[in-house]
Amino acid sequence: MKNQLFTNEKSQIAGIAREMANLDLVSGSSGNVSMRICDEKPGFMGITPMGLPYTELKDEDIVVVDEDLDSIAGSGVPSSESLLHLGIYNYRSDVKAIIHTHSTFSSVAALSHEGIPPILDEMVIYIGGSIEVSNYAFPGTEELAEKVCKALGDKNAALISNHGAVAVGSSLREALNISILMERVAKIYCYARMNNQIKPLPESAIEKERAIFEMKRTSKQSTGEN
Ligand SMILES: [Zn+2]
């Protein structure tokens, strides 16, 4: 019976998790994907399970938990980073989906503790500007969730110090697209730093692009798009 609940949501989450793994944004069973289901109990969010390689992931393995992280559907054990996902949903009411990756170049950028300045137009339009790095906290803790929320602010992506990255969106597809964009930006930034060839975006462009980012968010909220 427990496995018959939320079949549509579990299928969507598993599909995006498999795509994430096929894109090399994670390896093995690392990283995790979640979707906000309902702000009221039961069924707060669906999330990928702990310790299961994505090559073996089936729709029914996705776990649906309530706000106390008690499992109410799905056969797996909720991801060890469930507190991170819960913390972000509580911090940002506009966020409907979260993807946490251990992608290579984002992880390299997460070592610098400086983040990635706004170097590409699409970065400001889709992510909201620079990508900040959270202060270090141990994986799986509430402290990590708090520090990542601080680094995220009102943007769609953040780097997790000495660990990886997180992308958020108004849908699973948007969160995956942000993860892909962030990894590409991090790759470009890492290569550019190798030969000191970094010319930042002009302030006037950042201002206009940030206005587009905010307009997109407002239109999604007013139309209830998710
Ligand atoms: Zn992780």
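The values are calculated or read from the model by the stated rules, or taken from the named source; none is laboratory data. Remember, it's a predicted structure, so these values are computed and weren't measured experimentally. Heads up, the Cβs are rebuilt from the backbone with ideal geometry, glycines too, and the neighbour counts pull from every protein chain shown. For the accessible areas, the whole protein counts, side chains as well, though only heavy atoms, and no ligand, DNA or RNA atoms are used. Shrake-Rupley method; radii C 1.70, N 1.55, O 1.52, S 1.80 Å.
Between the listed residues P78, T141, M35, the Cα displaced farthest toward the positive end of the dipole of the chain, a dipole computed from Cβ unit charges relative to the Cα centre, is found at M35. Note on the chain: helix-only mean residue ellipticity at 222 nm, from DSSP H runs of 4+ residues weighted -39500 (n - 2.57) and normalised by residue number, equals -12500 deg cm²/dmol.
Close amide-amide hydrogen proximity is noted between V133 and G115, L159, each under 5 Å apart and 5 or more residues distant or on a separate chain (H modeled in the peptide plane; Pro and chain starts excluded). Each of N177 and T141 was given a label point 7 Å from its Cα along the Cα-to-Cβ line. The distance between the two points is 3.6 nm.
Taking all protein chains in place and a 1.4 Å probe, what share, in percent, of the accessible surface of the chain do carbon and sulfur account for? Answer for the chain is 52 percent, counting heavy atoms of protein chains only.
Full extension of the chain between E114 and T55 yields a length gain of 17.8 nm, computed as 0.36 nm times the residue separation minus the alpha carbon distance. Multiplying the residue separation of E67 and D121 by 0.36 nm and subtracting their alpha-carbon distance yields 15.7 nm.
Rounded to the nearest whole angstrom, the semi-axes of the ellipsoid equivalent to the chain, taken from the Cα gyration tensor as √(5λ), stand at 29, 19, 15, largest first.
Applying the Karplus relation 6.51 cos²θ - 1.76 cosθ + 1.60 with θ = phi - 60° to segment 104-110 yields 3J(HN,Hα) values of 4, 6, 5, 5, 4, 5, 6 Hz, where x marks Gly and Pro. Once you have a ≥ b ≥ c as the square roots of the Cα gyration tensor eigenvalues for segment 2-113, tell me rounded if a/c is under 1.5, and otherwise prolate or oblate according to whether a/b is larger than b/c. Verdict is oblate for segment 2-113. Taking every C-alpha pair closer than 8 Å and separated by at least 6 residues, the mean separation divided by the residue count of segment 2-223 gives a relative contact order of 19 percent.
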